[in-house]
Amino acid sequence: MSDINMETENTWCPGCGNFAIEAVTKKGIKKIGRNKTAITAGIGCHAKIIDYVNVNSFYGLHGRPVSLAVGIKLANPELSVLAFSGDGDSLNEGISHLIHAAKRNSDITVVIHQNRNFALTVKQFTASSPKGFVSNSSPEGNVEEPLNTLEVANSAGATFISRSFSGDIEHLQETMEKAVEHKGFSLIEVLQSCPAWYDTNSYYRENSYKMEKVPKNPDKKIREWNYDGEGKIPLGVFKKQEKPTYEEKMARKGKKVSVEEVLKSKI
Ligand SMILES: Cc1ncc(C[n+]2csc(CCOP(=O)(O)OP(=O)(O)O)c2C)c(N)n1
């Protein structure tokens, strides 16, 4: 098969935000070229994107799409590498990999399918589920505060941070292109409805707004929405910084310094 589509039967629920992510991914890969792109995924509903997009891909273990992407990019820096991850995948099982890839400024794009629950295993709460969320692992309501995905990436040093909504395909396409074009670690959190377990389509539509430009104070903007009912939800690019990438730094093999030099702050 030489085209971007696979013949595999699609098993996502009707109305799932994953369809929009699949559509923009296919469009983007066609532009970049199939032989110049590689994608990875963890385990979950999001990960089935590997079954539906005909491109070099690696279906990894739960929580490991980011580490796979880092390795692929290091081995072949010519490729555009995208890691597709669920919120459970990236913020529960794989959170350390997300943090380290952002810290290294690995030149990859991480796409978080933010449906606010472990969907494939039929509704358990994740680190970013809202407080009070009733699920199969929180039948009395989730007692934890939701984790701010963007704040995690920001505090780890991510050089590009963005958020979009699967219900606005144009914005999603535009934001994803900016994320892929960025040199360095880029994150796009895609708010998506999960029609089976957390149907948020109209909520996100009514409570989000598009930022017109990259804010001067990304830290403040990133905290504007607390992942619960309070505050409007900003969409767009929150942060864009130029810094040497992990691959560039590895190619230069780093700089050796002695303990004395470190102590004298000569690095
Ligand atoms: C280490 C490990 N823990 C748990 C599982 C079981 N498991 C498979 S899919 C899944 C849910 C995935 O949720 P998420 O990453 O949020 O993706 P979604 O299905 O919501 O797209 C879980 C818990 C697993 N496969 N491996």
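When the criteria are applied in full, E261 meets the requirement of being modelled with pLDDT under 95, open to solvent by 30 Å² or more (accessible area, probe 1.4 Å) and of a type in the set (D, E). When region 214-247 is filtered for residues that are basic (K, R) and within 19 Å of T200 (Cα to Cα), only K232 remains.
Among the residues of region 193-213, the one identified as outside any helix (DSSP H, G or I), surrounded by 17 or more Cβ atoms within 10 Å (Cβ to Cβ) and touching a strand residue (DSSP E or B) at 6+ places or on another chain (Cβ under 6 Å) is S208.
A search for C-beta distances below 6 Å between a residue of region 252-267 that is in a loop (DSSP other than H, G, I, E, B) and any residue that is modelled with pLDDT of 70 or more, counting only pairs 6+ apart in sequence or on different chains, returns I267/V257.
Could you say which residue among S137, S166, S106, S128 is more than 11 Å from the chain's Cα centre (by Cα), farther than 15 Å from Q192 by Cβ and either without any contact (Cβ under 8 Å) to a residue 40 or more places away in the chain or within 16 Å of the ligand (Cβ to nearest atom) (or both)? Sole residue among the options that is more than 11 Å from the chain's Cα centre (by Cα), farther than 15 Å from Q192 by Cβ and either without any contact (Cβ under 8 Å) to a residue 40 or more places away in the chain or within 16 Å of the ligand (Cβ to nearest atom) (or both): S137. Of all the numbered requirements in (1) touching a residue at least 60 places away in the same chain (Cβ under 8 Å); (2) under 19 Å from R163 (Cβ atoms); (3) within 13 Å of the ligand (Cβ to nearest atom), G86 misses one, and that requirement is (1). From A158, A153, grab the single residue that is in a helix (DSSP H, G or I) and open to solvent by less than 10 Å² (accessible area, probe 1.4 Å). So the residue among A158, A153 that is in a helix (DSSP H, G or I) and open to solvent by less than 10 Å² (accessible area, probe 1.4 Å) is A153.
Looking at the structure I just gave you, is N154 closer than 28 Å to V214 by Cα and touching a Phe, Trp or Tyr at 6+ places or on another chain (Cβ under 9 Å)? Yes: the conditions hold for N154.
Of all residue pairs spaced 6 or more apart or on separate chains, those with beta-carbon atoms under 9 Å, a first member in region 189-215 that is farther than 13 Å from P14 by Cα and within 16 Å of the ligand (Cβ to nearest atom) and a second member that is open to solvent by 40 Å² or more (accessible area, probe 1.4 Å) and among the charged types (D, E, K, R) are Y198/K123. Entry remark, region 25-42: residues being of a type in the set (G, A, S) and open to solvent by less than 10 Å² (accessible area, probe 1.4 Å) number 3 in total. When region 165-192 is filtered for residues that are surrounded by 15 or more Cβ atoms within 10 Å (Cβ to Cβ), part of a helix (DSSP H, G or I) and among the charged types (D, E, K, R), the ones remaining, listed by number, are E174, E177, K178.
The values are calculated or read from the model by the stated rules, or taken from the named source; none is laboratory data. Everything numeric here is computed off the predicted structure, so don't read it as measured data. Heads up, the Cβs are rebuilt from the backbone with ideal geometry, glycines too, and the neighbour counts pull from every protein chain shown. Quick note on the areas: whole protein, heavy atoms, side chains included, nothing else; ligands and nucleic acids left out. Shrake-Rupley method; radii C 1.70, N 1.55, O 1.52, S 1.80 Å.
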